[in-house]
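One structure below.
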Amino acid sequence: MEIDTNTPKNTSSTPSSIGSAQRPGEYLRQIRMSQGKELSDVAQELKISEKQLVALEKDDYQSLPQAPFIKGYYRAYAKFLNADATALIQRFDEIYSTDTGLTSSHTLKDSPIKSMGRLTRGKRRGSNTWLKRIILLILIIAIVWALWSVLSNWMSKNHQTQLVDNANGVEVIEFDSAGVGTGVASSSGDQLVLDFNRPTSVMIQDATGNTLAQGRQSESLTLSGQAPFSIRIDDAEAVQLKLNNEQIGLSSYTNASGSADFRLSP
């Protein structure tokens with residue numbers, strides 16, 4: 001049993017209130033002793049170490065945390081002992097600045113708790129920055145993928161609507177095995193043969209409106225269709241033309257720019 005040598009042995013009653021000259025820790029210690037409570041019991045109940053309770057009862061503020069924490073300890077201790085916490089805190093505010101030279105509402109400049117708070121906020125800011133970067137990267141990848149999908153679909157549709165010569169990028173018209181343009185029978189058609197000495201663009205249609213050849217050509221073409229033919233050649237000198245095996249001179253159809261645009265029948 002702890003013995004209070006500073007308290008008269010005949011004092012058994014609990015102090016009704018803290019005196020004007022009494023210190024908070026001393027006041028709580030007297031109440032605890034009068035109630036016969038051990039310091040270890042208080043520590044276990046309040047979840048405060050005995051070392052801190054000793055510092056509280058001695059009003060050793062240099063060994064304790066900041067003033068707000070001390071107030072919290074005092075309130076919890078006073079409540080446990082059924083003491084007047086309000087008067088106790090008022091008394092603490094009066095003597096704290098005298099003991100420490102600080103106000104009871106101060107916060108330490110280099111408080112470990114404040115430093116931990118700054119560190120935590122700094123880590124959170126760093127985490128938020130990386131999270132934003134990752135989200136931005138995902139968005140960029142999604143946009144690029146969407147654009148590529150649209151472009152691929154467009155190219156696929158364009159390939160389906162046009163037959164492109166992979167060798168020179170020339171649009172050509174498919175013919176049947178007899179060399180006849182689509183929709184024209186070879187037995188009743190006329191035959192055109194074009195030989196090229198250099199690439200040039202041509203546009204050839206027969207009387208029914210079928211397009212027999214279109215685009216830039218560089219290889220010989222043998223076409224069949226219904227005369228008369230509508231023929232346009234960008235570079236007339238680059239082409240030698242035959243109709244039903246008869247050589248056709250293009251000079252009379254060639255204009256000043258070197259192109260030829262005319263209709264041809266047998």
Exercise. Around S224, which amide H atoms from residues at least 5 apart in sequence, or from another chain, sit under 5 Å from its own amide H, with H modelled in the peptide plane?
Worked result: G181, L192
For this session: Ignoring everything but the protein chains, give the 1.4 Å probe accessible area of K71 in square angstrom, nearest 10.
Result: 30 Å²
Problem set entry | Extended-chain gain in nm, criterion 0.36 nm per residue less alpha-carbon gap, S127 and S259 | 40.6 nm
Problem set entry | J(HN,Hα) series, segment 46-53, from Karplus relation 6.51 cos²θ - 1.76 cosθ + 1.60, nearest Hz, glycine and proline x | 8, 6, 10, 5, 4, 4, 6, 5
Exercise. Using a 1.4 Å probe, how large is the accessible area of T129, given in Å² and rounded to the nearest 10?
Worked result: 60 Å²
Exercise. Taking K and R as +1 and D and E as -1, what net charge do the other residues with C-beta under 12 Å from the C-beta of D93 add up to?
Worked result: 0
For this session: Pop out the ³J(HN,Hα) list for segment 199-208 in order, Karplus 6.51 cos²θ - 1.76 cosθ + 1.60 with θ = phi - 60°, rounded to Hz; leave Gly and Pro as x.
Result: x, 7, 8, 9, 9, 10, 10, 9, 5, 7
Problem set entry | Computed accessible area, M155, all protein chains, 1.4 angstrom probe, square angstrom | 100 Å²
Exercise. How much net charge surrounds S259 when only the other residues with a Cβ under 9 Å from the Cβ of S259 are counted, with Lys and Arg +1 and Asp and Glu -1?
Worked result: -2
Seminar exercise, completed: With no solvent term and unit scatterers on the alpha-carbon positions of segment 181-266, Debye gives log₁₀ I(q)/I(0) at q = 0.19 Å⁻¹ of -0.78
Exercise. For I248, which sequence-distant residues (separation of 5 or more, or a different chain) have an amide H within less than 5 Å of its own amide H, given hydrogens modelled in the peptide plane?
Worked result: L241, K242, L243
Problem set entry | Ratio Rg/Rh [Cα only; Rh per Kirkwood] for segment 32-101 | 0.95
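The values are calculated or read from the model by the stated rules, or taken from the named source; none is laboratory data. What you are looking at is a predicted structure, and each value in this text was computed from that prediction instead of being measured. Reconstructed Cβ throughout: ideal geometry from the backbone, glycine too, with neighbour counts over all protein chains shown. Quick note on the areas: whole protein, heavy atoms, side chains included, nothing else; ligands and nucleic acids left out. Shrake-Rupley method; radii C 1.70, N 1.55, O 1.52, S 1.80 Å.
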